[in-house]
Amino acid sequence: MILAVQRLIHDEIVRVITRLYGVTDVPVFAVEVPPTRALGDLAVTVAFQLARPLRNAPKAIAQEIAAGIGPLPGVARLVAAPNGYLNVYLERPTFLVSRLRHEIAAPPAPSDKTIVEHTAINPNKAAHVGHLRNAALGDTLARVLRFCGVEIEVQNYIDDLGVQVADIVVGLQEIEKRSPGQIREIADTTRFDYYCWDLYAKVTDWYEHDRERLSVRAATLHALEEGGNDTATTAALIVDRIVRAHLKTMGRLGIGYDLLTYEGDILRLQFWAHAFEILKASGAVFLQTEGRLAGCWVMRIDEPGAKEESAEAEAPSGEGAGESEAREKVIVRSNGVVTYIGKDLANQFWKLGLLGRDFKYRLFGRQENGQPLWSTTSDAGDPDAPPFGHAKRIYNVIDSRQMYLQALLSQALRTLGHAEEAENSVHFSYEMVGLSHATARELGYPAPEGEDATKPFVEVSGRKGLGVKIDDLLDLLIQKASSEVAKRNAELSADECGRAASQIAVAAIRYFMLKYSRGKLIVFDIEEALSFEGESGPYLQYAVVRANNIFHKLQEREALAEADIIGALAGTPANEITDDEENVLWGLVFEAARLDDIVEQVVRSLEFSVLAKYAFGLAQLFNAFYHRYPILNEERSDRKRWRAAGVAYVRAQLTRALDLMGIEVPSRM
RNA sequence: GCGCCCGUAGCUCAGAUGGAUAGAGCGACAGGCUUCGAACCUGUAGGCCGGGGGUUCGAUCCCCUCCGGGCGCACCA
């Protein structure tokens, strides 16, 4: 790990600048990584920044600073480059040895509790690739924050009273004319999330044939909210089965949660009623008495960077009034039914501990990893349930289409005088997933018509049943991985082969979801996602498997364990890693050490593509090293030991990096 | 119309707080398995970083403007 070294150098340079020039406000500068190791391991550009205020050449300033730096532990030398850079060269052998011995422990400061909410799929159909991006990002966010020592609680919001659930109830009760008993039987004997996937598309059709039928949906929705009737009982059954299907799908990907938050409980426990009082009292929400929203409780939407008066002065037009009326968002409809925004506001208030109320909790089940999963409840609840909510910081993983509503949440917090909480409510926004035309065709969907045909992608639509289901995709990937594993490892049992295939499939799909930056729309193409070569999850796994094999063989053939090698390094000549500025082994070790620096960048930018690219680059470096520098067959023992030590560190770091992305390393592949 | 996002090699994408020579994968072409596993490695070709202004010692990155594309702006969620 490298962050501690960077801080050490940074602080020393600040000290020297202060002493040398008497400046109190040293400009902010970073300790960065030069493009090649020949230019040093770390570099600082502060001399450029000081050139103007000091009225001196960068080169001269750099030389003065370099001369003023005292000896630093771990630093071999710090030199001023002719162009003004300050280049730092590290003490290579001690750098590697101390890391292998875990002497570089930088215990992260204890942090405030943080909630990550992700997945939140409508419980009315199977999960598709759009949901996959959300869950992969959310789960990785949780892993990365935990790596930084943050206390994390992962929540999955379940909209059990929404229109989408109502639609499935309508489909079963009204279109298919099923009795409650029959519905239970279907839920228990079919692949129910797939069944509902098809049914949902049928319901959409059914409405389109006769818009009058939408009144059936409204009545159903009303019955759901009312509760205590057959419709509500049926809906609860549907929701429970679909939620369990979603959890199973996510479990296959190594994605788990701490708490399921049910919207129904928000209503039953009067969370909304309570939040409504708070909102009314502060004036954040008020009753509109005129215009088309008369009778609705609305929230006024602040225009970002609005300049009301000047705008009106420049553009005096009769439409002004109509425009401003449109800038109001309905929170409670004129029929008295709260919108989902209202319920979500209550949920966010609760998460931040601002509601003054709490859910009851019940144990929902055990997850793949053995961890318990809890659920909110409005019943008595389990007295031994752990505490939930009351976080200092929350991340809501939701696609960019909901930006508008997320902005509304933080605006509500501000209006209520919770500026700090608003600041700590982060909308982790990302672009949607579309389907390539080729993949849509492959799935048997009719070719898009009109305007849609010219679009570069086909929009995923649960309503139309248009999308790639996660389980189908996983099955496809496992099938392919399985045949690849079997081809290379004839001696493996079916179980072992299946285990590896599943790990490979998960790696492929998770890496695929993380390698794009979140602002980029992913046009999902099956063929592309099935690739196990080049920049892919399996490539990364392959590198670690190879590294692991070296140690297996060292143990088998020479009874040499990693600990033996590390233990003997102190007395072993280190030329293998010190010779030559552009030493390949050192380049590998140094890059491996950068994981903590990379993770810091990731947290700052919330951009996992940085982590993905880093891990890939490290695997590439390792693979190149692997080809050029033998270990088992190296005759000189000093070389052999230093190479093995370097590989030991790289595999440990790469394994950590993969774990952050939810990727496991198979024993064979 | 307003707001947000995107535009970098043939295709798909990286280029953290402005820094040293703009990179990778795929595809194309040419090589490398009796060697620690070829899901790999080595090499070649391929770029007005959408256009134009500006800020600066320095701009793919920041500001303005234009062009092209996506997504939002419901008494749906």
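For this structure, a couple of remarks:
- Working note: Karplus 6.51/-1.76/1.60 with θ = phi - 60° gives the stretch A:244-250 the couplings 5, 5, 4, 5, 5, 4, 5 Hz, where Gly and Pro are set to x.
- Loop-located GluC sites (Glu not before Pro) in the stretch A:471-556, at most 10 other Cβ atoms within 10 Å (DSSP): A:491, A:533
- Solvent exposure of chain A, expressed per residue, is 46 Å² of accessible area, with all protein chains present and a 1.4 angstrom probe.
- The angle separating the long axis of helix A:3-21 from the principal Cα axis of greatest extent in chain A is about 70 degrees.
- Flagged links, alpha-carbon separation over 20 Å, of A:113/A:248; A:351/A:515; A:553/A:640; A:487/A:553; A:280/A:360: A:113/A:248; A:351/A:515; A:487/A:553; A:280/A:360
- Between 0 and 90°, nearest 10: helix A:470-488 axis offset from chain A longest Cα axis: 30 degrees
- Chain A - percent of accessible surface contributed by carbon and sulfur, probe 1.4 Å: 50 percent
- Each Lys or Arg adds one and each Asp or Glu subtracts one; over the other residues with Cβ under 11 Å from the Cβ of residue A:117, this totals -2.
- With contacts taken as Cα pairs under 8 Å and at least 6 residues apart, the stretch A:3-90 reaches a relative contact order of 28 percent.
- Highest average packing first - A:411-420, A:135-144, Cβ atoms within 10 Å: A:135-144, A:411-420
- Taking trypsin sites (Lys or Arg not before Pro) across the stretch A:570-663, the ones in a DSSP loop with at most 13 further Cβ atoms lying within 10 angstrom of their Cβ are A:636.
- Summed residue charge, Cβ within 11 Å of residue A:89's Cβ, Lys/Arg positive, Asp/Glu negative: 0
- Antiparallel bridge percentage (DSSP; both residues within chain A; nearest 5): 55 percent
- 15 Å Cα-Cα reach of residue A:392 towards aspartates and glutamates, excluding residues that sit fewer than 8 places from it in its own chain: A:112, A:117, A:151, A:153, A:420, A:421, A:423
- Mean Cβ count within 10 Å, highest first, over the residues of peptides A:343-352, A:69-78: A:343-352, A:69-78
- Each Cα pair under 8 Å and six or more residues apart adds its sequence gap; the mean of these over the residue count of the stretch A:439-529 is a relative contact order of 26 percent.
- FRET efficiency for the pair residue A:7 and residue A:496, taken as 1/(1 + (r/R0)^6) with r the Cβ-Cβ distance and R0 = 35 Å, rounds to 0.20.
- Seen from residue A:620, the other residues with C-beta closer than 15 Å to its C-beta sum to a net charge of +3, counting Lys and Arg as +1 and Asp and Glu as -1.
- Subtracting the Cα-Cα distance of residue A:624 and residue A:301 from their residue separation scaled by 0.36 nm leaves 110.7 nm.
- Where only DSSP H runs of four or more residues are counted, chain A gives -16500 deg cm²/dmol as its mean residue ellipticity at 222 nm, each run worth -39500 (n - 2.57).
- Dipole size of chain A about its Cα centre, with +1 on Lys/Arg Cβ and -1 on Asp/Glu Cβ: approximately 1440 debye, rounded to the nearest 20.
- Each part reduced to its alpha carbon centroid, the stretch A:194-210 and the stretch A:449-463 end up 19 Å apart.
The values are calculated or read from the model by the stated rules, or taken from the named source; none is laboratory data. Because the structure is a prediction, the values reported are computed rather than measured. Cβ atoms come from the backbone with ideal geometry, glycine included; neighbour counts cover every protein chain shown. Just so you know, the surface numbers come from the protein's heavy atoms only, side chains and all, with ligands and any DNA or RNA stripped out. Shrake-Rupley method; radii C 1.70, N 1.55, O 1.52, S 1.80 Å.
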